[in-house]
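Student: If you scroll down you'll find the structure; I have some questions about it.
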Number of protein chains: 2
Amino acid sequence: MKQQDVFKALADPTRRAILKRLQGGALTAGEIGAAFEITGASLSHHFTVLKQADLVRTERRGQYIVYSLNSTVVEDLARVLFDLFPARGGRTGDKS
Amino acid sequence: MKQQDVFKALADPTRRAILKRLQGGALTAGEIGAAFEITGASLSHHFTVLKQADLVRTERRGQYIVYSLNSTVVEDLARVLFDLFPARGGRTGDKS
DNA sequence: GCAGTAATTAGAAATTTATCTAATTATCTA
DNA sequence: TAGATAATTAGATAAATTTCTAATTACTGC
């Protein structure tokens with residue numbers, strides 16, 4: 001896991017929206033792109049960043065390329081975050 | 001919590017290093033800066049970004065300004081992440 | 001092989017971000 | 001109050017990022 005790549009990938013709102021779209025299951029590049037105003041070329045750039053961070057996986061299916069979420073990275077990321085912030089017992093939900 | 005501000009703040013390696021330095025407890029701007037090559041002005045910019053993301057808190061103590069970690073934000077961030085990635089039972093540590 | 005569709009890659013323009021030097025603000029001490 | 005120290009703010013430059021159009025690659029089906 002390249003920490004820097006993951007953080008940079010998550011820093012862009014369009015890329016986070018892509019990840020959210022993939023929650024419902026794998027989608028082709030075109031299906032993902034339908035939800036955004038930007039061009040396919042720009043989308044493709046974002047896919048590259050997400051792939052480099054290992055946040056998504058791709059698989060060619062004939063004419064299409066199918067994207068899916070790589071959930072295992074969230075575990076790595078969780079480790080990094082708990083390393084970045086001091087432990088506090090693990091309770092959550094009392095702030096807001 | 002402004003999600004975008006937090007992600008953007010964490011996207012820079014210098015800022016993550018600042019957060020790590022603060023793990024040991026509160027430090028003055030100068031003490032933090034001693035560990036980095038960049039100028040105080042640049043550091044100050046990073047502090048601004050971290051403050052805007054509510055990741056650090058500041059307090060003036062006489063001539064000094066003391067920075068400390070705001071751990072509560074990690075809880076908000078955890079929520080965002082678990083929202084961004086599908087739930088997977090909650091176990092961690094089996095991937096390497 | 002050729003036309004059509006899906007997606008990426010190439011190259012450039014516009015925006016944002018990180019960094020610098022110089023100037024300013026705030027505080028301490030004599 | 002004046003000089004020294006800590007830190008920020010202002011303004012500029014350099015580097016990185018996002019986005020675009022145009023061209024290219026990969027596959028389908030005739």
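The values are calculated or read from the model by the stated rules, or taken from the named source; none is laboratory data. Predicted model only: the values in this text are computed from it and were never measured. Using ideal geometry, Cβ is built from the backbone for each residue, glycine included, and neighbour counts are taken over all protein chains shown. These area figures cover heavy atoms from the full protein model, side chains too; ligands, DNA and RNA do not enter into them. Shrake-Rupley method; radii C 1.70, N 1.55, O 1.52, S 1.80 Å.
Student: Could you give the accessible area per residue of the protein assembly as shown, probe 1.4 Å, as a whole number in Å²?
Tutor: Dividing the accessible area of the protein assembly as shown by its residue count gives 56 Å².
Student: Once the label point is placed 7 Å from Cα along Cβ, list for A:Lys2 the distances to the corresponding points in the other copies, in nm, shortest first.
Tutor: In ascending order, 2.9 nm.
Student: Once you average over the residues of A:16-25, how many Cβ atoms of partner chains fall within 10 Å of each Cβ?
Tutor: Taking the mean over all residues of the peptide, I get 2.
Student: Per residue Cα convex hull volume for chain A, in cubic angstrom?
Tutor: Each residue corresponds to 125 Å³ of Cα convex hull volume.
Student: Additional query: In deg cm²/dmol and to the nearest 500, what is the mean residue ellipticity at 222 nm of chain B if only DSSP H runs of at least 4 residues count, each as -39500 (n - 2.57), divided by the residue total?
Tutor: -14500 deg cm²/dmol
Student: Residue of A with Cβ nearest the axis relating A to B, plus distance in whole Å?
Tutor: Of all Cβ atoms in chain A, the one nearest the axis gives A:Ala11, 2.
Student: Additional query: Under the definition of partner shielding as Cβ atoms of other protein chains within 10 Å of a residue Cβ, what is the mean value for peptide B:2-10?
Tutor: Numbers: counts 0, 3, 4, 0, 2, 9, 6, 2, 9.
Rounded to a whole number, the mean comes out at 4.
Student: Given a cut-off of under 8 Å on Cα pairs at least six residues apart, what relative contact order in percent is computed for chain A?
Tutor: Over chain A, the number comes to 32 percent.
Student: Now for a separate question. Starting at the first residue of the range B:67-75, write each ³J(HN,Hα) from the Karplus equation 6.51 cos²θ - 1.76 cosθ + 1.60 with θ = phi - 60°, in whole Hz, x for Gly and Pro.
Tutor: These are the phi-based 3J(HN,Hα) values: 9, 9, 6, 9, 5, 4, 5, 4, 5 Hz.
Student: Non-local amide H neighbours of B:Asn70 (under 5 Å, H modeled in plane, Pro and chain starts lacking H): which ones?
Tutor: Answer set, sorted by chain and number: B:Val56, B:Arg57.
Student: Given a 1.4 Å probe and every protein chain left where it sits, what share in percent of the accessible area of the protein assembly as shown is carbon and sulfur?
Tutor: On the way: 5310 of 10790 Å².
So the carbon and sulfur contribution to the accessible surface is 49 percent.
Student: For A:Gln52 and B:Thr39, FRET efficiency with R0 = 30 Å and r from the beta-carbon atoms, rounded to 0.05?
Tutor: About 0.45, to the nearest 0.05.
Student: Follow-up question, since we're still on this one. At 0.36 nm per residue, and after removing the present C-alpha to C-alpha distance, how many nm does the segment from B:Gln23 to B:Arg60 gain when stretched out fully?
Tutor: Extra length from B:Gln23 to B:Arg60 when fully extended: 11.4 nm.
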